[in-house]
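Input: a single structure, listed below in structure tokens.
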Amino acid sequence: MSKDRYNPIMVGIGKKGEWLEGEPFFINEDDPSKIALNPGLREVCLEKGMIGDRKIDVVFPIIHGTLGEDGCLQGFLQMHHLPFVGSSVLGSAVGMDKDIMKRLFLQGGIPCARYITLYHWQKRRPSFEEVKKELGLPLFVKPCNLGSSLGISRCYDAEEYQKAVETAFEFDNKVVVEENIEGREIEVSLLGDEDLLASLPGEIIPPGGFYSYDSKYIQSEETKLVAPVELDEASTSLIQETAKKAFRLLELSGLTRADFFLKKNGEIYLNEVNTLPGFTSISMYSKLLEATGISYPELIDRLLELALKRFAVERKLKRFRG
Ligand SMILES: Nc1ncnc2c1ncn2[C@@H]1O[C@H](COP(=O)(O)OP(=O)(O)O)[C@@H](O)[C@H]1O
Ligand SMILES: [Mg+2]
């Protein structure tokens, strides 16, 4: 973020929910398995739109997962009357929940992997044989609201399935079990609100065909990122248009990365949307927009402008006046 144009204040959120500021911000910055917030950071608090004596104009959440990406942080900021980048409470929440997200996609006619939902309170869960009969093998078992591939397993037999379900329930009270989709992993970046831009597509080629937590963050050099990737025109525009449709169906805002599977026969399946995608200058999200003609500094400008514009429109509503 340009320090000439902006006066950014970097705030971290610790594991207990504390807001932290200071330098250096991280320890073990170069080791993804050990990186952490510097334990010497000082606690700060957001009060009346201020952090200390500094007034906050707009918040740019760069955070993944529970509480940050699922609408909680967004609701918190909304209650503080602060504009923020990205989707609001509703879009963030439905974009995070793999079950609700798919229900909306399917209602809008967007193809997704077939799946079943398991709840923690169920007295009798479908057996492995029943699930196998319905969805085939292998199966993907996922905590419903998480991301980063945490708690996700691919399983081939009853024993693996049992373990996978147990693991997923350690992370969430709702779990989805999906059929395996054999296809390339194609992603597209979306930027905008009323005027929505879909980038050129990119491809993720993870080792062994499963983009796991380790291949995302720890052994990331084993995964190939192709940004942009050359696809035929029909597939490209089908993916771009479907991504835009998904953005509207979930009522998202600002930015999103939509992740597809592309089968050999040209069929596409929408795997998920990420309302706060990885956001470094080498992340797929920004690389794809760069390939589409939007530089990283311009991307930052645009996202901040979108946040301020949406906030201004919202504030005109009668419920926010007087
Ligand atoms: N139904 C599926 N068929 C084939 N591969 C899948 C399926 N679901 C997930 N995967 C693999 O697992 C990875 C993580 O799953 P995903 O649903 O994207 O979880 P997360 O939200 O944690 O990123 C995907 O990038 C893909 O490699
Ligand atoms: Mg994913």
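I need the full set of residues from the stretch 163-185 which are more than 18 Å from Ser148 (Cα to Cα), in contact (Cβ under 8 Å) with a residue 40 or more places away in the chain and either away from ligand 1 (no atom under 13 Å from the Cβ) or surrounded by fewer than 17 Cβ atoms within 10 Å (Cβ to Cβ) (or both), in order please.
Within the stretch 163-185, Glu182 is the sole residue that qualifies.
Counting only residues that are surrounded by 14 or more Cβ atoms within 10 Å (Cβ to Cβ), closer than 26 Å to Leu146 by Cβ and within 23 Å of the chain's Cα centre (by Cα), how many does the stretch 27-61 have?
4
Does Leu238 satisfy being touching a helix residue (DSSP H, G or I) at 6+ places or on another chain (Cβ under 7 Å) and either more than 16 Å from ligand 2 (Cβ to nearest atom) or without any contact (Cβ under 8 Å) to a residue 60 or more places away in the chain (or both)? Let's see the steps before the verdict.
Details: touching a helix residue (DSSP H, G or I) at 6+ places or on another chain (Cβ under 7 Å): no; either more than 16 Å from ligand 2 (Cβ to nearest atom) or without any contact (Cβ under 8 Å) to a residue 60 or more places away in the chain (or both): yes.
No, not satisfied.
What are the residues in the stretch 59-68 that are closer than 19 Å to Leu306 by Cβ and out of contact with any strand residue (DSSP E or B) (no Cβ under 8 Å at 6 or more places or on another chain), if any?
Ile62
Can you give me the number of residues within the stretch 263-278 that are in contact (Cβ under 8 Å) with a residue 60 or more places away in the chain and more than 15 Å from ligand 2 (Cβ to nearest atom)?
So the count comes out to 4.
So which pairs qualify, if the first residue must be in the stretch 63-88 and touching a residue at least 40 places away in the same chain (Cβ under 8 Å), the second must be hydroxyl-bearing (Ser, Thr, Tyr) and not in a loop (DSSP other than H, G, I, E, B), the Cβ gap must be under 6 Å, and the two must be at least 6 apart or on different chains?
Correct list of pairs: Asp70/Ser92.
Mind checking which residues of the stretch 154-177 are acidic (Asp, Glu) and within 16 Å of ligand 2 (Cβ to nearest atom)?
Asp172
Within the stretch 168-210, which residues are touching a Gly at 6+ places or on another chain (Cβ under 7 Å), assigned to a helix (DSSP H, G or I) and not aromatic (Phe, Trp, Tyr)?
Across the stretch 168-210, the qualifying residues are Ala168, Glu170.
So how many residues does the stretch 129-153 have that are away from ligand 2 (no atom under 11 Å from the Cβ), of a type in the set (Lys, Arg) and under 10 Å from Tyr115 (Cβ atoms)?
Residues flagged as away from ligand 2 (no atom under 11 Å from the Cβ), of a type in the set (Lys, Arg) and under 10 Å from Tyr115 (Cβ atoms) within the stretch 129-153 amount to 0.
I want to confirm something. Restricting to the stretch 200-210 and keeping residues that are touching a helix residue (DSSP H, G or I) at 6+ places or on another chain (Cβ under 6 Å) and in contact (Cβ under 8 Å) with a residue 40 or more places away in the chain, which single residue is surrounded by the fewest Cβ atoms within 10 Å (Cβ to Cβ)?
Checking each candidate, the answer is Leu200.
For the stretch 223-287, list the strands (runs of 3 or more DSSP E) that sit wholly inside it and hold at least 2 residues that are modelled with pLDDT of 95 or more and over 22 Å from Ser212 (Cβ atoms); which are they?
254-262
Search the stretch 86-119 for residues being of a type in the set (D, E, K, R) and within 14 Å of ligand 1 (Cβ to nearest atom), and hand back the single one that is nearest to Gly136 (Cα to Cα).
That would be Arg114.
Among the residues of the stretch 90-120, which ones are free of Cβ contacts under 8 Å to residues at least 12 places away in the same chain and not basic (Lys, Arg)?
Ile100, Leu106, Gly109
Name every residue in the stretch 95-133 that is closer than 29 Å to Ile268 by Cβ, part of a loop (DSSP other than H, G, I, E, B) and among the hydrophobic types (A, V, I, L, M, F, W, C), in order of residue number.
Ile110, Cys112, Ala113
If we scan the stretch 122-142, do we find a residue that is small (Gly, Ala, Ser), modelled with pLDDT of 95 or more and within 19 Å of the chain's Cα centre (by Cα)?
no
Among what's in the stretch 264-302 and is over 19 Å from Glu69 (Cα atoms) and within 11 Å of ligand 1 (Cβ to nearest atom), pick the residue that is surrounded by the fewest Cβ atoms within 10 Å (Cβ to Cβ). Don't jump to the end; show me each part of the working.
Step one: list which residues in the stretch 264-302 are over 19 Å from Glu69 (Cα atoms), which gives 264-270, 281-282, 287-299, 301-302.
Restricting the remaining residues to those that are within 11 Å of ligand 1 (Cβ to nearest atom) gives 269-270.
Values: Tyr269: 19, Leu270: 23.
Once the filter is applied, the top-ranked residue is Tyr269.
For Tyr213, work out the one condition from (1) under 26 Å from Asp97 (Cβ atoms); (2) touching a helix residue (DSSP H, G or I) at 6+ places or on another chain (Cβ under 8 Å); (3) not aliphatic (A, V, I, L, M) it doesn't fulfil.
(2)
Using the structure shown, decide if Thr256 is closer than 30 Å to Glu29 by Cβ and either touching a residue at least 60 places away in the same chain (Cβ under 8 Å) or surrounded by fewer than 15 Cβ atoms within 10 Å (Cβ to Cβ) (or both).
yes
Report every pair of residues separated by at least 6 positions or lying on different chains whose Cβ atoms are under 7 Å apart, first residue within the stretch 1-13 and farther than 13 Å from Asp301 by Cα, second of a type in the set (Phe, Trp, Tyr).
So the pair list comes out as Met10/Phe25; Val11/Trp19; Gly12/Phe25; Ile13/Trp19.
The values are calculated or read from the model by the stated rules, or taken from the named source; none is laboratory data. Keep in mind the model is a prediction, meaning the values are calculated, not measured. Neighbour counts run over all protein chains shown; Cβ positions are idealised from the backbone, glycine included.
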